[in-house]
Amino acid sequence: MSKLTPPYPTPKALLQDKTVLVTAAAGTGIGFSVARRAAEEGAKVMISDIHERRLGEAVEELTRVTGVRPPSQLCNVAAEGDVQGLWQAAENELGHVDVLMNNAGLGGTANLVDMTDEQWDRVIDITLTGTMRMTRAALRHMMPRGKGSIVNNASVVGWRAQAGQCHYAAAKAGVMALTRCSAIEAAEAGVRINAVSPSLAMHKFLAKVTTEELLNELTQREAFGRAAEPFEVANVMIFLASDLASYMTGEVLSVSSQHP
């Protein structure tokens, strides 16, 4: 069992000259990592998030590590007006969007017997319906152009049972189904839609909202004896967005070393 973190990847120009829009890119998680990796792979990147201060901090950090200041836009994916505003801003800044990285989602822990309608609706609206809103907007722009790639962020709980996660698991299973069905609809227009399904990617925000006991339990399920680094999940998202995955659509790739 290896607990060693692998070396950070060397860029290979996988997204050279492409334009990439990333939702929920603020903070230290997968969204920020995929924005950074896209920029390192040669893309012009625009980021969005619902948190103004954290979005500004993400812009500054991306500028520091990549040498390029990315355009940004506040966006709540639960509001259709915000989604439309984001796409208008992205077209103004980027000209067009080649790749959409759908990373926005909301979790939480509550047993179903105690769960309120409000808790259920909020997770479903942001995690599943928000992904639908962004995908729908992307398709309306990508399909007329005859090309484009969308990568959604799902979760292994869409496949595997975990107590306290009925709302989140249902939403992520929905993201998987949305990925498959929308991919079939978009294929004729040359647009690809895929998803990643991470098990456990460690970052500061996750550590803040998850008990140490649960994190230890989840880590013990991982074959490598550690959580993934966010960039390890981002690497797979970059691959799916790139031309190396040109024959892949409607697929959900598990980014996991988890065992039963």
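All of the numbers you see were taken from the coordinates with simple rules; none came from a lab. As the structure is a computational prediction, the values presented were derived from the model and not from experiment. Neighbour counts run over all protein chains shown; Cβ positions are idealised from the backbone, glycine included.
The dipole here belongs to the stretch 19-255: it is taken about the Cα centre, uses +1 on the Cβ of Lys and Arg and -1 on the Cβ of Asp and Glu, and is about 380 debye.
Ranked for footprinting exposure by Cβ neighbours inside 10 Å, fewest first, THR10, THR129, THR19, THR179 give THR10, THR129, THR19, THR179. Ranked by how many other Cβ atoms sit within 10 Å of their own Cβ, fewest first, the residues MET134, MET248 fall in the order MET248, MET134. Look at the dipole of the stretch 19-255 built from charges on Cβ: of MET176, GLY95, MET237, the Cα furthest out on the positive end belongs to GLY95. Computed with the Debye formula from one identical point scatterer per Cα of the chain, without solvent, the log10 of I(q)/I(0) at q = 0.08, 0.13, 0.15 Å⁻¹ comes to -0.29, -0.79, -1.08. Within the shell defined by Cβ-Cβ distances under 15 Å, the residues around VAL83 carry a net charge of -2, with Lys and Arg each +1 and Asp and Glu each -1. When shorter helices are ignored and each DSSP H run of at least 4 residues is given -39500 (n - 2.57), the per-residue value for the chain at 222 nm works out to -13500 deg cm²/dmol.
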